[in-house]
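One structure is given here, and the rest of the page talks about it.
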Amino acid sequence: MITLGFNYSQMHDSSACIVRDGELLYAVAEERISRIKHDAGFPHNAIRACLDFAKVRADQLDAVCSGWPAPYHMLLSDLKCFATGQFPINYANVLNVTRYFASMTHQNGGFKRFTQLFGPTKAQMRFVDHHLAHAISAYSYSGLAKAAVVVMDGRGAWEASSIWYGHDGFLDHVLTIPWPNSLGLFYAQFTQYLGFVPNSDEWKVMGLAPYGSPGVKLGDFISPDHGSYKVNAPLLFERKNGTSAIAKRLGPERTPESEIDDSFKNIAFAVQDACEVAMLDLVKLALEKTNCRNLCMAGGVALNSKANGKIQASGIVDNIFVQPAASDDGVALGAVLAPYLDNGGRLPMKPLRHAYYGPEFSDAEIEKALRTFKLRATKLDNVAATAAQMLADGKILGWFQGRMEFGPRALGDRSILADPRDPEMNAKVNNAVKFREWWRPFAPSMLREVAGEYLEYACDSPFMILTNPVRPEKRSIIPSVTHVDGSARPQTVEKDINPLYWNLINEFGKRTGVPVIMNTSFNLRGEAIVNTPTEAVRTFFSSGMDALIIGSYMVEK
Ligand SMILES: [Fe+2]
């Protein structure tokens, strides 16, 4: 059976993936090909790339699955929320709801576009409920036979959070907390209040939070509720005479790009703290309801690595799997497996051990790109050793190897790398390369073998989706990847999964005694992670990186 899954909601993060006989072959977000960050358009480039990789035509597919239900479900949910006062009836909201319904219905949720672009197919076209798609994406790739599955995002059609019980390849629905009682909505509204882009810049609030202090009360907006949480959505939506209810209580919104004073840092602290409390409560509820100590999570809120780290450190779970493309790009991974549940069937249950499911470029293709730019490149005998020596010498490297990662994190195939021992390196990379906010931390990649030496509560963390406290005695050893609160968001690198990257870190360790490197995504601020060699070269020359190691080649400035 060959199935294709996609995410297309006109909201954010369109994507596609393809599975053959239960094996994930290829997955890519549309933004990486279109170069439009969080691209919300129909993922035609991503679908084309999936079909090309699998060498199949649309008419050879058995099923095409969207990670969203039919458009009228969204309309029904919105009408219900209008009627109950949960969602304000105003010109903008009514216009948006109507426009969305008309547009998505016209396109039949994307299936009409699919057949227009890729030709007629006998494949079954199916809508998959959004949270079911998230839940499958968390459970089926977890490698856990039994698990509580928690989905938390901004919104599905009618869902905000949901709990599922995964067992032996089946997935039972346990409960749904309906939109707009939504943790994602809560976080997004405050992200906007703090001068950032909602449903995009939540990272920035999470990074800023440790610089704040406790004291700001957010009880009007979010509170514990019968072992779960209650978000006061009508108040979060409220705007009178141009002033939001948040601004009325906490002061005027921050102007984007302006200085961040202590009051905003303290609000970021309170938002993150409230989110952590709510997530922990929801997880406890899920474990209780399923009588299980394994946990799988997905949905945009599950990208909150700080909260995930606290859940892991709390000792209430034995095993935790957070699907790395937890946001909506990852619903494609779940939707694509929905046909396996038909007629009492089971999910394939193939553990996701890495995220390298995207495009790859051969040395010949890389060479061609370098020639086009008339660049002088050196062909390296030992890529890992050369890169390790340069890192040890304080160079900032662009690192372009193998297949691109699926999900928001660069995991050593499309990365910018630097020496984590230099306390100035955080500022150097920020100022010269990433051009991003000073408070955003960088993350370490470390050999799996040394994780316990550097981290408290160390566990396998191949996807940089959990934070851990760095052991106090190690904080001064790797200062540029240790956040102000002493935490880090590690990637533990396994030799058999990414041998080249493991070798690089190992070689760096041989030279410095520290088998840990700083790893950030290969992109400039506001841009999607580079996909092709051409984009890598362009980004390299638009920044302060010292050298680009691309396939077997090195380009220096
Ligand atoms: Fe979602």
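Condition check ((1) touching a residue at least 12 places away in the same chain (Cβ under 8 Å); (2) open to solvent by less than 20 Å² (accessible area, probe 1.4 Å); (3) hydrophobic (A, V, I, L, M, F, W, C)) across all residues:
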residue	(1), (2), (3)
C65	yes, yes, yes
A83	no, no, yes
T121	yes, no, no
Q124	yes, no, no
Y139	yes, yes, no
Contact list, first residue from segment 170-185 and without any contact (Cβ under 8 Å) to a residue 12 or more places away in the chain, second anywhere and part of a strand (DSSP E or B) and surrounded by fewer than 23 Cβ atoms within 10 Å (Cβ to Cβ), beta-carbon distance below 6 Å, six or more apart or interchain, is D172/Y165
Please verify whether L117 is open to solvent by 30 Å² or more (accessible area, probe 1.4 Å), within 15 Å of the ligand (Cβ to nearest atom) and assigned to a helix (DSSP H, G or I), treating the condition exactly as stated. no
Read through the list (1) assigned to a strand (DSSP E or B); (2) open to solvent by less than 30 Å² (accessible area, probe 1.4 Å); (3) within 14 Å of the ligand (Cβ to nearest atom), then give the number of the only condition that L171 fails. (3)
Assuming N506 fulfils every condition listed in (1) open to solvent by less than 10 Å² (accessible area, probe 1.4 Å); (2) farther than 28 Å from A46 by Cα; (3) among the polar types (S, T, N, Q) apart from one, which condition is it? (1)
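Quick one: in segment 1-40, of everything that is of a type in the set (D, E, K, R) and part of a loop (DSSP other than H, G, I, E, B), which residue is surrounded by the most Cβ atoms within 10 Å (Cβ to Cβ)?
D13
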Test each condition in (1) within 16 Å of the ligand (Cβ to nearest atom); (2) open to solvent by 10 Å² or more (accessible area, probe 1.4 Å); (3) over 16 Å from the mean Cα position of the chain (by Cα) for A335 and report the one that comes out false. (2)
Any idea which of R489, R471, R538, R475 is of a type in the set (K, R) and touching a residue at least 40 places away in the same chain (Cβ under 8 Å)? R489
Positions within segment 424-450 being modelled with pLDDT of 95 or more and under 22 Å from I260 (Cβ atoms), in sequence order: A443
Go through segment 142-159 and count every residue that is touching a residue at least 60 places away in the same chain (Cβ under 8 Å) and in a strand (DSSP E or B). 7
Go through (1) more than 16 Å from the ligand (Cβ to nearest atom); (2) in a loop (DSSP other than H, G, I, E, B) one by one and return the number of the condition F101 breaks. (2)
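To keep it simple, each residue is scored yes or no on (1) of a type in the set (F, W, Y); (2) away from the ligand (no atom under 16 Å from the Cβ); (3) modelled with pLDDT under 95.
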| site | (1), (2), (3) |
| --- | --- |
| D129 | no, no, no |
| S140 | no, yes, no |
| G154 | no, no, yes |
| L175 | no, yes, no |
| P180 | no, no, yes |
| Y187 | yes, no, no |
| E202 | no, no, yes |
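Run down R371, R346 and say which single residue is in a loop (DSSP other than H, G, I, E, B), of a type outside the set (S, T, N, Q) and open to solvent by 50 Å² or more (accessible area, probe 1.4 Å).
Numbers: R371 fails: in a loop (DSSP other than H, G, I, E, B).
When all the criteria are applied, what remains is R346.
The values are calculated or read from the model by the stated rules, or taken from the named source; none is laboratory data. This structure is a prediction, so every number in the text was calculated from the model and none was measured. Cβ: placed from backbone, ideal geometry, glycine included. Neighbour counts: every protein chain shown. For accessibility, only protein heavy atoms count, side chains too; no ligands or nucleic acids. Shrake-Rupley method; radii C 1.70, N 1.55, O 1.52, S 1.80 Å.
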